[in-house]
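For reference, the structure is listed below as C-alpha cells.
Readers should treat all values here as calculations from the given coordinates under stated rules, not as data from a laboratory. Remember, it's a predicted structure, so these values are computed and weren't measured experimentally. Glycine also receives a Cβ, built like all others from the backbone with ideal geometry; neighbour counts cover every protein chain displayed.
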Amino acid sequence: MAGHPLPVPTLSPAARRRPGGALALVAFLVVTTIVAYRVVTHLNVPGHPEVPRWALQDFRDAVYYPVVAFLQGHNPYDPADMLRRYPIGLPFPWYLPMTLVIHLPLGLLPYETAEFAYFALMVAVMLGVAWLTLGLCDLEVGIAELFGLGTLVVMSRPGHWNLFTGQCTPLAVLGVYVALRFVDERPGLAALGVALAEFKPTFGVPLAVLLLARGSLRPVVIGTAVAGVVSLVPALVLASSAGGPRALLGSLAAARHAFDADAAVNPTSSPSRVDVASLLGRLLGRPPGSAAEIGIAIAVLGLGALGVGNLSRRADGGSRRLSASLVCLVILGCTYHQAYDLLLLVLPLAVLITRGDEMPWASHPWTRWTLVALMAIPMANYLTSDTAISFLGLAGRWWVVVASVNGVLLLASLLIIVRLALQAPAGWQASRPRRRAASRGERRA
C-alpha cells in the first residue's frame, strides 16, 4: 500500500533555544534521579536472592545470569540447573535465544557494573520510545517535547516498574515502535524493529501477524529471518551444552512449567496481569486453560487484524496512527502481559491527546477523551503493586476488583478502537493543519 510519508523528527535550532527545553531536561533528570535513588536503596543483594530486595531483580534473573550461564557453557533454559548454579530468584523466561546475543556485552561485566550500565541503557531506551512516539504523531521534536514526554514515561507506573526491576520490556516496545514508525517508508529499518520485538514472542508474534494484516509482508519476512538467524547460533550452542536437541526441548518444557507455576503468572494469584485471558481467569476463579487462552488470542488477534486491514486501505496519517494504536492494544490484550508492558500505551495516549484535529477524533470528541481516561488510569495505577495490596489489606472480592481494573479498562479501550477501525469510511482525508503550526505561520507573517 502507498505509505503516508512522515518526516523523521529532528531537533530544530529554534526548538533547542526554547526555555521550556531546559525545564523539561531538569524535570527528566530529577525524576530519573529519584528512581535511581529508589533502585540504590532497594538494590538486590548480590549472591543472596532470598533477601527481599527487589530492585533490578529481573535484570539479575532474565538478563545477566542467563548470559553468564551461556558464556560458561551452561543451558539457561534449564530451571533446576540455573537455580542450583546461580544466585537467581526465578528461572529464565521463554525468550528467544537471540536475547542472549542482544545482552551479551552485559554478561562480560562484573555484576554490579552491569546493573547500572543496564539501568542507564533502559533510561536511554525510554527516551528512544518518546522520540519515536513524537515522530509517529507527526509532531515537532524539540528538547522540551522529547524530555517532557520522557519525564511522563518515567513517572508512569510501567515506566517506573521497568526501571526499578530491570525489566527488558522497553527494548521490546522500542522494537514495536520502530516497526510501526518506519513500516511504509523504510521497510528495512522496520524489519529490524520486528526482529528486536521478536526476542519477546508475546510482543513479536502479534506484531508480525498484524503487520501482515495491513499488507506489510517485507518487514515481517526480513525481520523474522533476522531473528531466526541471530537465534540460530546460540540455539546450536545450547543444544550442544544441553546434551542434544531433544534435551534442549525438554529443558524448554521444564522452563515453561516453572514459568506457569509462578504466582505472578497465574491469573488467580497475579494482581498485575492485564491480558484478556487473565481477566477471564480472575472472574472464573481459576486459570482458563491452554485451549481457552489460545482461543482468546486468536479472537483478539482476529479482531485486530480486521481493523488494521480496513485501515490499511487509507493512506492518510489519521488512519495510520489509529492503526498503530490498535496494534499496541491488541498486543497487550491477546496474550500474556504484565502491567509493566503497559509501556506500549505511550503511543495511543499521545495520539489521542495531540491529534484531536484528525479523524475519527474530530467527529468523536467524547470518545476520544473517554479513551484517554481508560488508558491513563492503568498508566498511573499503583494499586496493583504488592506494596499497595499489602498496605490496604486487599483480599477476596476486593482483591479481584483491584486486580481486574487494568484488564477491564484495557479491554474496553481495545473494543472501542476496533469498532472505530472497522467503521472507518473510505472518505477519510488527511488531517487538517494543526492550530499550533498555523499560529506560528501567522506570527511569522
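Roughly what angle does helix 143-155 make with the longest principal axis of the chain, taking Cα atoms, 0 to 90 degrees, to the nearest 10? Roughly 40 degrees between the two axes.
Each peptide in 98-107, 294-303, 187-196 receives the mean, over its residues, of other Cβ atoms within 10 Å, and ordering these scores from highest gives 187-196, 98-107, 294-303. Our coupling estimate for region 299-309, obtained by passing each phi through the Karplus curve with A = 6.51, B = -1.76, C = 1.60 and θ = phi - 60°, is 5, 5, 4, x, 4, x, 5, 5, x, 5, x Hz, Gly and Pro reported as x.
Put a dot 7 Å past the Cα of Leu232, heading toward its Cβ, do the same for Leu71, and the two dots end up 2.6 nm apart. Here the mean projected area of the convex hull built on the C-alpha positions of the chain is 21.7 nm². In a reduced charge model with +1 at each Lys and Arg Cβ and -1 at each Asp and Glu Cβ, region 263-430 shows a dipole moment near 220 debye about its Cα centre. Comparing Ala247, Thr133, Leu83 along the charge dipole axis of region 8-262, the residue lying farthest to the positive side is Thr133, per the Cβ-charge model. Computed from backbone phi with θ = phi - 60° and the Karplus coefficients 6.51, -1.76 and 1.60, the 3J(HN,Hα) list for region 210-224 is 6, 5, 5, 5, 8, x, 9, 6, 4, x, 5, 5, 5, x, 5 Hz; x is used for glycine and proline. Helix content alone sets the calculated 222 nm mean residue ellipticity of the chain: runs of n ≥ 4 DSSP H residues at -39500 (n - 2.57) each, divided across all residues, give -21500 deg cm²/dmol.
Each of Ala22 and Leu212 was given a label point 7 Å from its Cα along the Cα-to-Cβ line. The distance between the two points is 5.4 nm. The overall shape of region 290-387 is oblate: from the C-alpha gyration tensor, with semi-axes ordered a ≥ b ≥ c, the ratio a/c is 1.5 or greater and a/b is no larger than b/c. Applying 1/(1 + (r/R0)^6) with R0 = 30 Å to the Cβ-Cβ distance of Asp357 and Ile377 gives a FRET efficiency near 0.75. From the square roots a ≥ b ≥ c of the eigenvalues of the alpha-carbon gyration tensor of region 8-262, which class results: rounded (a/c under 1.5), prolate (a/b over b/c), or oblate? Note, shape of region 8-262 comes out oblate.
Comparing Tyr37, Tyr65, Tyr86 in a Gaussian network model of the chain (Cα springs below 10 Å), the most mobile by mean-square fluctuation is Tyr37.
Each of the GluC sites (Glu not before Pro) that DSSP puts in a loop and that has at most 16 other Cβ atoms within 10 Å breaks the chain; the longest unbroken stretch is 186-445.
Placing unit charges on the Cβ atoms of the charged side chains and taking the dipole of the chain about its Cα centre, the candidate lying farthest along the positive direction among Ala195, Ser323, Val39 is Ser323. A simple charge model with +1 on the Cβ of Lys and Arg, -1 on the Cβ of Asp and Glu and nothing else charged puts the dipole of region 8-262 at about 240 debye relative to its Cα centre.
Working from Cα pairs under 8 Å separated by at least six residues, relative contact order for the chain is 17 percent. Overall, the chain carries a charge dipole of about 1280 debye about its Cα centre when +1 sits on the Cβ of Lys and Arg and -1 on the Cβ of Asp and Glu, all other atoms neutral. In order along region 81-94, the Karplus-derived 3J(HN,Hα) couplings, from 6.51 cos²θ - 1.76 cosθ + 1.60 at θ = phi - 60°, round to 5, 5, 5, 7, 8, 10, x, 10, x, 9, x, 5, x, 7 Hz, and Gly and Pro are given as x.
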